[in-house]
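Here's the structure, in structure tokens; my notes come after.
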Amino acid sequence: MENATSQRIAEALHYLQAKVPPKLQQPIIGIICGSGLNGLAEAVLPEPRFETLYTDIPHFPPSTVQGHAGKLLFGVFEPDALPVVLMVGRIHFYEGHSIQSITFPVRLMKRLGVDTIIVTNAAGGLNEDYAVGDLMVLNDHINLAGLAGIHPLRGPNADDFGVRFPALSDAYDLDLRRLVHHLWKELDRDAGSTRRLREGTYAFVGGPSYETRAECRILRRLGADVVGMSTVPEIIAARHCNMRVLAISLVTNNALLEAGPRGDDVQIQGSSRQDLTKAIQEGRANHDEVI
Ligand code: 6GU
């Protein structure tokens, strides 16, 4: 299994080395764009720039969300800046991929030369002080599935990437967190936005259903500030191979009141967050009522 993984990554790397223009071939920073946060790709300059679909990369797990294939984007944010690689369209465990296969893109990035990974996501707010639109820098996580054995590093250890028993108590790089707070203060002075920068704990759940109110209460009591269906598997893979990690959640909704993200990219079939919000507004759903 271990060799098979290394072999598959080597084949994917070989493909990229043949396709990506030489000056973009060794990105130092890798970015995984969260759901609804792919807009960052537009900040990559038109030149030099290269993109390739996941479906074109040998062994790359195909992304099935939102009906279009994801892509790897190579480029720069400023002329002569360090090259970056972006995953535009992430791969989620709930799509049916094994939790181990989520490590593939991260390990491929490592082989490309990435030493720092930035991961973003949309998450539901559990902390009662958080408002929709706030950003939260992760300083810790709760890997519920992982504690129960559904873990990206389960199986023979990939020794060529990292150790059997990696520590995660220092997973979220302190200097990078400090840098974000510092930059936020500078930006905020200019923007005067009401959006706040938080720092806290992300609970990873498997999805795809959103949490019930009772589940939200459990997660909050366990110390989670937000809840989401991504990020933690990638971060574990990244720390295993000793990358520096920065992760940021966008609070898209209050998990307890209105489970689910922005209605526009949710296929409305059963009861969606929009239905629920409407029901609350019309007084048809009283969460505290017991009958
Ligand atoms: Cl409320 N829960 C989960 N698990 N993921 C989310 C979310 C909620 N809102 C956005 N993503």
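The values are calculated or read from the model by the stated rules, or taken from the named source; none is laboratory data. Everything quoted here is computed from the prediction, not taken from an experiment. All Cβ positions, glycine included, derive from the backbone under ideal geometry; neighbour counts span all protein chains shown.
Key figures for this structure:
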| read-out | value |
| --- | --- |
| Residue in segment 178-206 that is nearest to the ligand (Cβ to nearest atom), counting only those that are acidic (Asp, Glu) and in a helix (DSSP H, G or I) | 188 |
| Number of the condition not met by residue 131 [criteria: (1) touching a residue at least 24 places away in the same chain (Cβ under 8 Å); (2) on the phi > 0 side of the Ramachandran plot] | (2) |
| Residue that is farthest from the ligand (Cβ to nearest atom), among those in segment 233-255 that are touching a helix residue (DSSP H, G or I) at 6+ places or on another chain (Cβ under 9 Å) and part of a helix (DSSP H, G or I) | 240 |
| Per-region count, segment 76-107, residues at positive phi and within 14 Å of the chain's Cα centre (by Cα) | 1 |
| Filtered residues of segment 118-133 (kept if over 13 Å from residue 202 (Cβ atoms) and either buried (at least 23 other Cβ atoms within 10 Å of the Cβ) or away from the ligand (no atom under 12 Å from the Cβ) (or both)) | 118, 128, 129, 131, 133 |
| Hey, residue 27 in contact with a strand residue (DSSP E or B) (Cβ under 7 Å, 6 or more places away or on another chain), buried (at least 20 other Cβ atoms within 10 Å of the Cβ), assigned to a loop (DSSP other than H, G, I, E, B) and modelled with pLDDT of 95 or more or not | yes |
| Enumeration of residues in segment 207-232 that are more than 9 Å from the ligand (Cβ to nearest atom) and under 17 Å from the mean Cα position of the chain (by Cα) | 224, 225, 231, 232 |
| Residue tally, condition β-branched (Val, Ile, Thr) and more than 17 Å from residue 250 (Cα to Cα), over segment 176-234 | 2 |
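The rows are residues; the columns are (1) under 30 Å from residue 111 (Cα atoms); (2) hydroxyl-bearing (Ser, Thr, Tyr); (3) modelled with pLDDT of 90 or more.
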{"residue": "173", "(1), (2), (3)": "yes, no, yes"}
{"residue": "178", "(1), (2), (3)": "yes, no, yes"}
{"residue": "196", "(1), (2), (3)": "no, no, yes"}
{"residue": "209", "(1), (2), (3)": "no, yes, yes"}
{"residue": "234", "(1), (2), (3)": "yes, no, yes"}
{"residue": "242", "(1), (2), (3)": "yes, no, yes"}
{"residue": "245", "(1), (2), (3)": "yes, no, yes"}
